[in-house]
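Structure first, commentary second.
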Amino acid sequence: MKRSTDRILTTHTGSLPRSADLTATLESLDAGTAPDPEAFDTRVRRAIAAIVRKQVEAGVDIVSDGEQGKVGYSTYVKHRLTGFEGQSSMPVRADWADFPEAAARYTRATGSRPACIGPIAWKDHGAVQKDIANFKAALSKAHPEEAFMTAASPGVIAHFLRNDYYPTRDAYLARLADVMKEEYDAIVQAGFVLQLDCPDLGMGRHLAFPDLSIREFVKIAEGNVEALNHALRDIPPDRMRLHLCW
């Protein structure tokens, strides 16, 4: 990971705005309507090239692919892994308990997400390699200080995609860690800094576990960290960064 004693290097959390047409395509894909593969891949490559160029032109030092090919930073895994089907309702946010109308609008806008209803394994090994190739192609025409790629942590996947298959939450996390390790390793082996998206470690408190005590939630967070550390065991600490929010 690049450091500087001359000035503060600038970066961001990874996700950047998609164009209206690309957003519509990604939302259709997420809803189950598959676009033409060749046209979609071409559109994503163009979007990544453009967003990398914009970051460099804006003076961002450490850039990402803007997650242009992903509809979301966590639920994208349902397109790459087996075991996720159907629908599961999201819990109502604790901080919206006094605003039921706003909560209802949020639920309608975001819809539902699939649940884990079967064994998790890779069904699209090539997805991350395609991400890597697209990003490298964009970087070949721009010259940032450094580049990073994002990946969902086991804990944030477990947060957004409910477990209806594995006997315990720990078993679910363990399987996610074993499978997602391949994506983490591939990103670092490609020469990028790996950003782990871990909002579950903070915002998970009021989004999913509002009835737990702080002590009880800390145990949940510790389990998420343990699973993540297991998945990252072969990656040097200086090749990683963590995205946390609450």
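For the condition more than 30 Å from HIS206 (Cβ to Cβ) and not acidic (Asp, Glu), what is the one hit in ALA171, ALA147, ALA177?
Answer to the check: ALA147.
Please state which one of SER64, SER74 is under 18 Å from the mean Cα position of the chain (by Cα), within 26 Å of ALA20 (Cβ to Cβ) and at pLDDT below 95. Full working, then the answer.
Numbers: SER64 fails: at pLDDT below 95.
Going through SER64, SER74 in turn, the sole match is SER74.
So, in the range 230-246, how many residues would count as being surrounded by 14 or more Cβ atoms within 10 Å (Cβ to Cβ), in contact (Cβ under 8 Å) with a residue 60 or more places away in the chain, not small (Gly, Ala, Ser) and not in a strand (DSSP E or B)?
Residues flagged as surrounded by 14 or more Cβ atoms within 10 Å (Cβ to Cβ), in contact (Cβ under 8 Å) with a residue 60 or more places away in the chain, not small (Gly, Ala, Ser) and not in a strand (DSSP E or B) within the range 230-246 amount to 1.
Does the range 112-121 contain at least one residue that is modelled with pLDDT under 90 and either surrounded by fewer than 19 Cβ atoms within 10 Å (Cβ to Cβ) or of a type in the set (A, V, I, L, M) (or both)?
Yes, the range 112-121 has at least one match.
Counting only residues that are out of contact with any Ser or Thr (no Cβ under 9 Å at 6 or more places or on another chain) and closer than 19 Å to ASP65 by Cβ, which one in the range 28-37 is surrounded by the most Cβ atoms within 10 Å (Cβ to Cβ)?
LEU29
I'd like the residue in the range 77-95 that is of a type in the set (Val, Ile, Thr) and modelled with pLDDT of 95 or more and, out of all such residues, is least open to solvent (accessible area, probe 1.4 Å).
This residue is VAL77.
Quick one: how many residues across the range 193-213 are within 19 Å of ARG162 (Cβ to Cβ) and either part of a helix (DSSP H, G or I) or open to solvent by less than 20 Å² (accessible area, probe 1.4 Å) (or both)?
Result for the range 193-213: 9.
Would the range 38-53 turn up any residue that is open to solvent by less than 40 Å² (accessible area, probe 1.4 Å), under 25 Å from SER153 (Cα atoms) and in a loop (DSSP other than H, G, I, E, B)?
Within the range 38-53, not a single residue is open to solvent by less than 40 Å² (accessible area, probe 1.4 Å), under 25 Å from SER153 (Cα atoms) and in a loop (DSSP other than H, G, I, E, B).
Of the residues HIS159, HIS143, which is at pLDDT below 95 and part of a helix (DSSP H, G or I)?
Just a single option satisfies the conditions, and that option is HIS159.
Among GLU146, GLU216, GLU183, which is the only one that is out of contact with any Phe, Trp or Tyr (no Cβ under 6 Å at 6 or more places or on another chain) and buried (at least 21 other Cβ atoms within 10 Å of the Cβ)?
Sole residue among the options that is out of contact with any Phe, Trp or Tyr (no Cβ under 6 Å at 6 or more places or on another chain) and buried (at least 21 other Cβ atoms within 10 Å of the Cβ): GLU183.
List every residue pair whose Cβ atoms sit under 6 Å apart, with the two residues 6 or more apart in sequence or on different chains, where the first one lies in the range 1-25 and is touching a residue at least 40 places away in the same chain (Cβ under 8 Å) and under 12 Å from ARG241 (Cβ atoms) and the second, anywhere, is open to solvent by 70 Å² or more (accessible area, probe 1.4 Å) and of a type in the set (Phe, Trp, Tyr).
none
Given the structure, is GLN189 at pLDDT 95 or above, among the polar types (S, T, N, Q), more than 13 Å from the chain's Cα centre (by Cα) and under 18 Å from VAL128 (Cβ atoms)?
So GLN189 fits the description; yes.
Would you check which residues across the range 135-156 are under 20 Å from LEU81 (Cβ atoms) and out of contact with any strand residue (DSSP E or B) (no Cβ under 7 Å at 6 or more places or on another chain) and list them? Working first, answer last.
Filtering the range 135-156 down to residues under 20 Å from LEU81 (Cβ atoms) leaves 149-156.
Correct list: PRO154, GLY155.
The values are calculated or read from the model by the stated rules, or taken from the named source; none is laboratory data. Since we're looking at a predicted model, the values are computed, not measured. Cβ coordinates were reconstructed from backbone atoms using ideal geometry, including for glycine residues, and neighbour counts include every protein chain displayed. Note: areas computed on protein heavy atoms with side chains; ligands, DNA, RNA excluded. Shrake-Rupley method; radii C 1.70, N 1.55, O 1.52, S 1.80 Å.
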